[in-house]
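So the structure is just underneath, and the comments pick up after that.
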Amino acid sequence: MEFLEHSSTFYYIIIDLEGRYAYVNDYFLQKFGFVASELIGSNFSNSVHPDDAERCNQVAYQLIMNPEKVIPIDVRKPDKLGGYFWTVWEFSVAKDAEGQPTGIRCIGFDITSAQKARKDLETYTQRLEKLMKLEQHKKTNVKNTLATLPDEVKDSLIGIFGLMQVFNFEDYQDDFNKVVIERLAEYSEILDKLIFE
């Protein structure tokens with residue numbers, strides 16, 4: 001465990017059976033030492049989100065009942081600005097030389113950036129889904145409107161589409177006619193998609 005004591009990536013702490021900090025590595029102390037004037041001996045609940053404290057207690061209880069298990073848990077830890085870091089931990093039972101439980105050993109690391117990226121992706125996905133639904137709704141409205149058009153109008157549109165397909169663009173190469181014909185082709189294609197797709 002010496003590498004954990006000096007790690008600059010992993011938090012390593014031991015919580016005694018009363019829920020107080022018995023040991024914290026330097027990395028944990030640097031990041032969360034501000035929560036108490038003296039971290040060792042203070043209750044762990046001072047340095048977790050209130051909603052996560054009871055979950056930690058439940059995991060500790062499960063470990064005392066099953067001391068050979070290792071249980072993962074994610075825990076929000078406070079930052080100096082009043083917000084929270086996201087961290088993930090593995091809890092296991094700490095034992096003395098006789099094999100008796102002395103507390104809970106906790107090894108964790110920060111996942112705040114990954115959690116933020118996940119939330120950003122969720123937000124982006126939700127926005128995209130809303131836009132796609134809105135676009136589909138608009139398309140459906142247009143189709144419903146076009147479906148009510150008289151047959152003469154529909155036949156005329158079909159005739160325009162057909163003429164655009166056989167039109168010889170090479171005969172009209174001056175700039176003005178070229179722009180007009182290109183726009184007609186674009187609008188024709190849009191109408192074609194709206195009506196027949």
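The values are calculated or read from the model by the stated rules, or taken from the named source; none is laboratory data. The shown structure was predicted, so the numbers you read here are calculated from the model rather than taken from an experiment. All Cβ positions, glycine included, derive from the backbone under ideal geometry; neighbour counts span all protein chains shown. Remember, those area values only see protein heavy atoms, side chains included, never the ligands or the DNA or RNA. Shrake-Rupley method; radii C 1.70, N 1.55, O 1.52, S 1.80 Å.
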*What about residue 134, is it farther than 30 Å from residue 20 by Cα, open to solvent by 60 Å² or more (accessible area, probe 1.4 Å), free of Cβ contacts under 8 Å to residues at least 60 places away in the same chain and not in a strand (DSSP E or B)?*
yes
*If you check residue 92 against the conditions, is it among the hydroxyl-bearing types (Ser, Thr, Tyr) and either under 20 Å from residue 30 (Cα atoms) or without any contact (Cβ under 8 Å) to a residue 12 or more places away in the chain (or both)?*
no
*How do the helices (runs of 4 or more DSSP H) wholly within region 1-104 filter down when requiring 3 or more residues that are open to solvent by 60 Å² or more (accessible area, probe 1.4 Å) and over 22 Å from residue 116 (Cβ atoms): which remain?*
2-5, 50-65
*From 168, 141, grab the single residue that is polar (S, T, N, Q) and either closer than 30 Å to residue 15 by Cα or modelled with pLDDT under 70 (or both).*
168
